[in-house]
Amino acid sequence: MSKPIMPNKIGVIVDSFRVGVRDGLLKARDVGADGVQIYAVHGEMDPANLSASARKELKDYIDSLGLEISALVGDLGGHGFQDPAENAAKIEKSKRIMELGLELGTNIITTHIGIVPQDHNSRVYETMHKACLELSTFAKSMNAFFAIETGPEPSAHLKSFLDGLGSNGVSVNFDPANMVMVTGDDPVQGVYNLKDYIVHTHAKDGIKLVDYIDPRDVYGDFGYEAPALDHDKIADMAESGEKFREVPLGEGGVNWNAYLQALKDIGYTGYLTIEREVKANPEADIKLAVDFLKTFRA
């Protein structure tokens, strides 16, 4: 297959640099990114900690660097939206993150919601559906998108869950590496399956080292003995674990020519945002990833 020519802008997750927001923004500019994605869950980027003037100052600063925000990360961790006791607070915080996103110039918030159960009649499925229905309605009212990251379940099953919400307010942040590394799902077919919902993507690559991985051991699951979702734990697994490994773009199981062609086929013109979860030397890896993606430009 010939190399597709892509129209997409290239983004970087600021937090992947592991140097804080301001220094991360400078590094994103220096590696040649067009835009950035920023975690907006805690610390200085928690909506509760950002006054109206601070939000304007931050947006002006990002603009001054020649960058834009591709999306905010609104991943609240834990069991996503599987635990009914936690959902009221998580839904409210998610709404505040969506509002912050609009003030900073993006209408996309990415998240993990927990593994979608296979049984549509299960209590956990019903709990997740109820939460996502409320978030989808809220997002739609703001012309925004609350985008679920791919990986914990096959794309066809995620599509079935999304179809049941009745709108695309809850949509998809497509991460091809998560599919390759954990479920073994085909990212190319996944793009076609989820074509009506993809609003943002993560550019990441990886390999699966064993025949079978229980997604619950990676992402956690409500009522399962494994710990809940923990990004530091996943980063350790991706860097030195025995089950899967995150690798530089082009060196893993993602067929980039076919994957990017699929995105082009469905008319996706949004961001390709680089996520580097491993901790060793992220800046050099991110620069290599930017340069790799730029080879797909005319």
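The values are calculated or read from the model by the stated rules, or taken from the named source; none is laboratory data. Note that the structure is predicted; figures quoted are calculated from it, not measured. Don't worry about glycine lacking a Cβ; one is built from the backbone with ideal geometry, like all the others, and counts go over all protein chains shown. All accessible areas refer to the heavy atoms of the entire protein, side chains included, with ligands and DNA or RNA removed. Shrake-Rupley method; radii C 1.70, N 1.55, O 1.52, S 1.80 Å.
Roughly speaking, what is the stretch gain from Ala156 to Tyr61, that is 0.36 nm per residue apart minus the C-alpha to C-alpha distance, in nm to one decimal?
Result: 30.1 nm gained on full extension.
Count the net charge of all other residues whose Cβ sits under 15 Å from the Cβ of Pro248, scoring Lys and Arg as +1 and Asp and Glu as -1.
Local net charge: -3.
Compare Tyr125, Tyr39, Tyr192 by solvent-accessible area with a 1.4 Å probe and give them largest first, with all protein chains kept in place.
Tyr192, Tyr39, Tyr125
Rounding to the nearest 20 debye, state how big the charge dipole of the chain is about its Cα centre with +1 on each Lys and Arg Cβ and -1 on each Asp and Glu Cβ.
840 debye
Does segment 1-118 come out rounded, prolate or oblate, given a ≥ b ≥ c as the square roots of the eigenvalues of its C-alpha gyration tensor, rounded meaning a/c under 1.5 and, failing that, prolate meaning a/b above b/c?
Here segment 1-118 falls in the oblate category.
What net charge do the residues around Ala54 carry, taking every other residue with its C-beta under 13 Å from that of Ala54, with Lys and Arg at +1 and Asp and Glu at -1?
Computed value for this residue: -1.
Work out the FRET efficiency for Ile5 and Ile266 from their Cβ-Cβ distance, taking R0 = 22 Å, and round it to the nearest 0.05.
0.90
As I understand it, the dipole of segment 113-179 uses +1 on the Cβ of Lys and Arg and -1 on the Cβ of Asp and Glu, about the Cα centre. Which of Ala156, Ala139, Pro176 lies farthest toward its positive end?
Ala139
Suppose the chain between Asp46 and Met142 were pulled fully straight at 0.36 nm per residue; how much longer would it get relative to their current alpha carbon spacing?
Stretched out fully, the Asp46 to Met142 stretch lengthens by 32.6 nm.
Give the Debye-formula value of log10 I(q)/I(0) at each listed q (0.21 Å⁻¹), with one equal scatterer per alpha carbon of segment 172-256, two decimals each.
Ignoring solvent entirely, the Cα scatterers give -1.04.
Please say if segment 109-176 is rounded, prolate or oblate, where rounded means a/c under 1.5 for a ≥ b ≥ c the square roots of the C-alpha gyration tensor eigenvalues, and otherwise the choice is prolate for a/b larger than b/c and oblate otherwise?
Taking the square roots of the gyration eigenvalues as a ≥ b ≥ c, segment 109-176 is oblate.
Normalised by the number of residues in the chain, what is the relative contact order in percent for Cα pairs under 8 Å and 6+ residues apart?
It rounds to 21 percent for the chain.
May I ask which residue of Ala40, Ala298, Val199 lies farthest towards the positive end of the charge dipole of the chain, with charges of +1 (Lys, Arg) and -1 (Asp, Glu) on Cβ and the Cα centre as origin?
The residue sitting most towards the positive pole is Ala298.
Could you grab the relative contact order for segment 1-160? Cα pairs under 8 Å, six or more apart, rounded to a whole percent.
Computed over segment 1-160, the figure is 19 percent.
Counting Lys and Arg as +1 and Asp and Glu as -1, what is the net charge of the other residues whose Cβ lies under 9 Å from the Cβ of Tyr39?
-2
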